[in-house]
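The values are calculated or read from the model by the stated rules, or taken from the named source; none is laboratory data. Quick caveat: nothing in here was measured; it's all calculated off a predicted structure. We place every Cβ from the backbone using ideal geometry, glycine too, and count neighbours over all the protein chains shown.
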């Protein structure tokens, strides 16, 4: 059933495009669309950039994070990583903000024992199969490049092309840039549903019952995307929350403990380059629970300190949990929905920061009438309906 709300015909059309969600994906779509000359209005239920994106570590690591069976995601991530320097240069110029915490730090994947070293050899073979730039390091060479690593280290892989950005600097820049090019971000304005007339979108209905017109609507609300009323059954995407507990720490002595991102299995330590570090992250199927637990904190610190003993001297500034938007096949949903004017940009799980530039470019192109390239087919939202998978979690 369409979302209920006031008559759209009584309201002026404030924008060509409404974006539902003011996280890194929604703001990137809005920025890219606005630079194409479209009038864009973003609705965010809280503070812009303070949802899932606020808790992200910000690693731009398509090579370090490649997973068997997710080849389309690898290619999308590599394309997005190549876009990042230009994306940030144009963004910071528009926003008038010089620093978004972009560091060309590289990544070390490390192993503590024989079992982990064997697993790391398989990781090396996978990357070599895709002809990705990665270097196998003996433990002594890894410690020479990163003296903070423990002597017990067995093996490491160096991925120089992986970088990082600070989401807590990137998101304010995106918000400012959207406004600088004529877009508008309305915070603390929750959208309750999508307004449909026949087989096309006519706008959205806000939580207070008022309606706002637009010919095109982009749903980029992360884990809250399936909760919107008025969506056709074919657009009930199976997006679910995946909880991630994550720490932020700082070194009172300043920078120097680490230069590179250190990845140990599913965990990582991300240096900000100024003595601050991000340590994460768990991956839990706990619904919308955002509590933090002593067990998760203990495991994160234990695993990190075994490889980087200096972590035990860091000061904990924050321990929090975010909710990543996951899909059954771990691929995002990017592109048109089942009715005219409806577009999707959600389900990016752990890759939202990395995939922001390419998602913004793809969706903005579709909004402008360019359509999506053929290689974006694996991310089509319609794949779930075709497979008989759908419905809000």
State which residue pairs qualify: first residue closer than 18 Å to residue 355 by Cα and assigned by TED's automatic domain parsing to the domain that holds residue 334 and inside region 367-378, second residue modelled with pLDDT of 95 or more and loosely packed, with under 12 Cβ neighbours inside 10 Å in any location, beta carbons under 6 Å apart, and separation of 6 or more residues or different chains. none
Only unsatisfied item for residue 103, checking (1) over 22 Å from residue 274 (Cβ atoms); (2) out of contact with any helix residue (DSSP H, G or I) (no Cβ under 8 Å at 6 or more places or on another chain), is (1)
Given the conditions (1) surrounded by fewer than 12 Cβ atoms within 10 Å (Cβ to Cβ); (2) in contact (Cβ under 8 Å) with a residue 40 or more places away in the chain; (3) not in a loop (DSSP other than H, G, I, E, B), which single one is not true for residue 99? (3)
Those residues that are touching a helix residue (DSSP H, G or I) at 6+ places or on another chain (Cβ under 8 Å), surrounded by 15 or more Cβ atoms within 10 Å (Cβ to Cβ) and in a helix (DSSP H, G or I), I need them from region 297-342; list them, please. 301, 304, 305, 311
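Could we say that residue 359 is more than 29 Å from residue 196 (Cβ to Cβ) and modelled with pLDDT of 95 or more here?
no
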From the list 137, 157, 132, which one is assigned to a loop (DSSP other than H, G, I, E, B), touching a strand residue (DSSP E or B) at 6+ places or on another chain (Cβ under 9 Å) and more than 30 Å from residue 44 (Cβ to Cβ)? 132
Run residue 55 past the list (1) farther than 19 Å from residue 160 by Cα; (2) outside the structural domain of residue 180 (by TED's automatic domain parsing); (3) in contact (Cβ under 8 Å) with a residue 12 or more places away in the chain and report the number of the one that doesn't hold. (2)
From the set of residues in region 111-125 that are touching a strand residue (DSSP E or B) at 6+ places or on another chain (Cβ under 8 Å) and not in a helix (DSSP H, G or I), which is surrounded by the most Cβ atoms within 10 Å (Cβ to Cβ)? 111
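Evaluate the following for residue 275: is it on the phi > 0 side of the Ramachandran plot, in contact with a strand residue (DSSP E or B) (Cβ under 6 Å, 6 or more places away or on another chain) and in the same structural domain as residue 254 (by TED's automatic domain parsing)?
On the way: on the phi > 0 side of the Ramachandran plot: yes; in contact with a strand residue (DSSP E or B) (Cβ under 6 Å, 6 or more places away or on another chain): yes; in the same structural domain as residue 254 (by TED's automatic domain parsing): yes.
Yes; evaluated as a whole, the condition is true for this residue.
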Can you find a residue that is within 24 Å of the chain's Cα centre (by Cα), at pLDDT below 95, within 30 Å of residue 113 (Cβ to Cβ) and outside the structural domain of residue 345 (by TED's automatic domain parsing) anywhere in region 257-265? yes
Flag if residue 108 is surrounded by fewer than 19 Cβ atoms within 10 Å (Cβ to Cβ), within 23 Å of residue 147 (Cα to Cα) and either at pLDDT 95 or above or in the same structural domain as residue 357 (by TED's automatic domain parsing) (or both): no
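Among the listed residues 133, 172, identify the single one that is touching a residue at least 40 places away in the same chain (Cβ under 8 Å) and assigned by TED's automatic domain parsing to the domain that holds residue 375. Write out each step before concluding.
Numbers: 133 fails: assigned by TED's automatic domain parsing to the domain that holds residue 375.
The match here is 172.
Per-residue answers, yes or no, for (1) over 13 Å from the mean Cα position of the chain (by Cα); (2) closer than 22 Å to residue 244 by Cβ; (3) modelled with pLDDT of 95 or more:
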position: 31; (1), (2), (3): yes, no, yes
position: 39; (1), (2), (3): yes, no, yes
position: 47; (1), (2), (3): yes, yes, yes
position: 54; (1), (2), (3): no, yes, yes
position: 69; (1), (2), (3): yes, yes, no
position: 72; (1), (2), (3): yes, no, no
position: 77; (1), (2), (3): no, yes, yes
In region 191-220, what residues are in contact with a strand residue (DSSP E or B) (Cβ under 7 Å, 6 or more places away or on another chain) and either free of Cβ contacts under 8 Å to residues at least 24 places away in the same chain or exposed (fewer than 15 other Cβ atoms within 10 Å of the Cβ) (or both)? 199, 200, 207
Yes/no for residue 49 being surrounded by 19 or more Cβ atoms within 10 Å (Cβ to Cβ) and assigned by TED's automatic domain parsing to the domain that holds residue 187: yes
So residue 98 fits all but one of (1) assigned by TED's automatic domain parsing to the domain that holds residue 259; (2) at pLDDT below 95; what number is the exception? (1)
Going by the structure shown, is residue 241 more than 30 Å from residue 99 (Cβ to Cβ), within 21 Å of the chain's Cα centre (by Cα) and at pLDDT below 95? no
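Residue by residue, here is whether (1) part of a strand (DSSP E or B); (2) closer than 18 Å to residue 363 by Cβ holds:
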| site | (1), (2) |
| --- | --- |
| 185 | yes, yes |
| 194 | yes, yes |
| 202 | yes, no |
| 205 | yes, no |
| 217 | yes, yes |
| 223 | no, no |
